[in-house]
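Visitor: Okay, here's the structure, questions in a sec.
The values are calculated or read from the model by the stated rules, or taken from the named source; none is laboratory data. Quick caveat, the model's predicted, so the values are computed rather than measured. Ideal geometry is used to build each Cβ from the backbone, glycine not excepted, and the neighbour counts take in all protein chains shown. Only protein heavy atoms, including side chains, enter the accessible area calculation; ligands, DNA and RNA are left aside. Shrake-Rupley method; radii C 1.70, N 1.55, O 1.52, S 1.80 Å.
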Amino acid sequence: MKFIIRNITLLILFSIVNSCDGQVEKKEKRSLKVEKASEVNKIPVPKNGFSNAYLDKDGSLWFSSNGGGVYHYNDKTFKHYTEKNGLSSNRVFSIVPDLKNNLWFGTQNGLTKYDRKQFKHIPLPYRDTLSGWAAKMNPVLSPNAVHSLATDKKDNLWIGTAGGGAYFYDGTNFKSYLTEIGRKQEDSLYHNWIPFIRKDSKGNMWFASMTHGGVSRYDGENFTHYMPEDGLSDDMVRTIYEDRFGKIWFGFNGNRTSGLTVYDGNVFKTYSIDEGLCNQRVRAIYEDKNGNLWLGSHLGNLCIFDGQNFSEFTSNGQPYSNILFILGDLKDNVWFGGSDGIWKFDGESVMKMTK
């Protein structure tokens, strides 16, 4: 009798243990499925990270990368495009649309046009990179690479190169501008590098120069050049942004006495480190719905300027560095990213959108 009871007890204990093990196993499988499901919407970070972003008219987002092609994200899934799909290079620096619903990508190997069905490679007028200063700088800087893009009020394309000035492209022909701007290099040539182009609300085109050329504004007929003697805090300009009041903001490479400079159409004003600026190396500028300026820095942390004070942006105590682009979506979320990934801020919390 004792033997029977003992066996029954052992059977009960065995079934309980098996039941518990089964529950644990099921829980582990469920949590694994949830984790996998949450990862489906996240974009893998390319080896050298992300370089830029663009908000499409349907609310989806495009992200360019410095070696991994481009990613198209619709808030549910993403599509990945590379040279295998027709991109002229996997190093993509800029994205801009035209009025015909085409997307243009500026790459290390010229232009790529995407008509929403297929990609078409459009090379720039070739410039020699096999000798002199250009040979030493290539491929970091190359006059055949497109680092910035913008369309003007007539839907023509303006192209900023990494050492060859700017091009105007009407869809058929290229016309060269701003080639002799800035400082001559060791080979006694200019090699003007234009990392950013911005069209303002009046239709003016603004061109940044990273080879000591300051800023150039084109009003449709003439170029006007602005240098430190005119009010800029430095002559190596990295980014340009227009706020809701029409003021133009300039971010710099962080050399010398550079800061955050704003131009109201009459005078320039600079905010320096001494006045609270988080970092003088400003790579990205964006104004949110509340009028705050978000400032991204390549070698510093993400910063917010409320018009009076600067403060580092953190979420749960975490700062965000190496930010190369900032933009808003149709729901007023703020997206920012760079070499370490992409994040979305909904006004209350930050969500990492990459894995």
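Visitor: Testing residue 182 on (1) at negative phi; (2) over 21 Å from the mean Cα position of the chain (by Cα); (3) open to solvent by 10 Å² or more (accessible area, probe 1.4 Å), one condition comes back false. Which one is that?
Guide: Among (1) at negative phi; (2) over 21 Å from the mean Cα position of the chain (by Cα); (3) open to solvent by 10 Å² or more (accessible area, probe 1.4 Å), the lone unmet condition for residue 182 is (1).
Visitor: Sticking with this structure for a sec: I need the full set of residues from the stretch 152-168 which are open to solvent by 20 Å² or more (accessible area, probe 1.4 Å), in contact with a strand residue (DSSP E or B) (Cβ under 8 Å, 6 or more places away or on another chain) and either more than 20 Å from residue 222 (Cα to Cα) or not basic (Lys, Arg) (or both), in order please.
Guide: Of the stretch 152-168, the ones open to solvent by 20 Å² or more (accessible area, probe 1.4 Å) are 152-156, 168.
Now narrow it down to the ones that are in contact with a strand residue (DSSP E or B) (Cβ under 8 Å, 6 or more places away or on another chain): 152-153, 156, 168.
152, 156, 168, listed by residue number.
Visitor: Moving on. Could you pull out the residue among 274, 219 that is over 21 Å from residue 152 (Cβ atoms) and not β-branched (Val, Ile, Thr)?
Guide: Step by step, each of 274, 219 is checked, and only 274 is over 21 Å from residue 152 (Cβ atoms) and not β-branched (Val, Ile, Thr).
Visitor: Quick check on my filter: what residues within the stretch 227-267 are open to solvent by 40 Å² or more (accessible area, probe 1.4 Å), at pLDDT 95 or above and either over 21 Å from the mean Cα position of the chain (by Cα) or over 20 Å from residue 284 (Cα atoms) (or both)?
Guide: Within the stretch 227-267, 227, 228, 229, 230, 245, 247, 264, 265, 266, 267 qualify.
Visitor: Out of the residues in the stretch 311-336 that are polar (S, T, N, Q) and out of contact with any Gly (no Cβ under 7 Å at 6 or more places or on another chain), which is nearest to residue 282 (Cα to Cα)? Don't jump to the end; show me each part of the working.
Guide: Here is the first cut: in the stretch 311-336, the ones polar (S, T, N, Q) are 311, 314-316, 318, 321-322, 333.
Pick out the ones that are also out of contact with any Gly (no Cβ under 7 Å at 6 or more places or on another chain) and you get 311, 314-316, 318, 333.
Values: 311: 14, 314: 17, 315: 21, 316: 24, 318: 20, 333: 21 Å.
Taking the candidates together, the pick is 311.
Visitor: Can you say whether residue 57 is basic (Lys, Arg), open to solvent by 50 Å² or more (accessible area, probe 1.4 Å) and either touching a helix residue (DSSP H, G or I) at 6+ places or on another chain (Cβ under 9 Å) or closer than 17 Å to residue 298 by Cβ (or both), as far as the supplied structure shows?
Guide: Details: basic (Lys, Arg): yes; open to solvent by 50 Å² or more (accessible area, probe 1.4 Å): yes; either touching a helix residue (DSSP H, G or I) at 6+ places or on another chain (Cβ under 9 Å) or closer than 17 Å to residue 298 by Cβ (or both): no.
Taking the combined requirement at face value, the residue does not satisfy it.
Visitor: Also: Across the stretch 185-226, what is the total count of residues that are part of a strand (DSSP E or B), open to solvent by 50 Å² or more (accessible area, probe 1.4 Å) and under 20 Å from residue 145 (Cα atoms)?
Guide: Looking only at that region, the number is 1.
Visitor: Anything in the stretch 41-74 that is of a type in the set (Lys, Arg) and closer than 16 Å to residue 329 by Cβ? List them, or say none. Give the steps one after another, and end with the answer.
Guide: Kept after step one, since they are of a type in the set (Lys, Arg), are these residues of the stretch 41-74: 42, 47, 57.
Hit for the stretch 41-74 is 57, nothing else.
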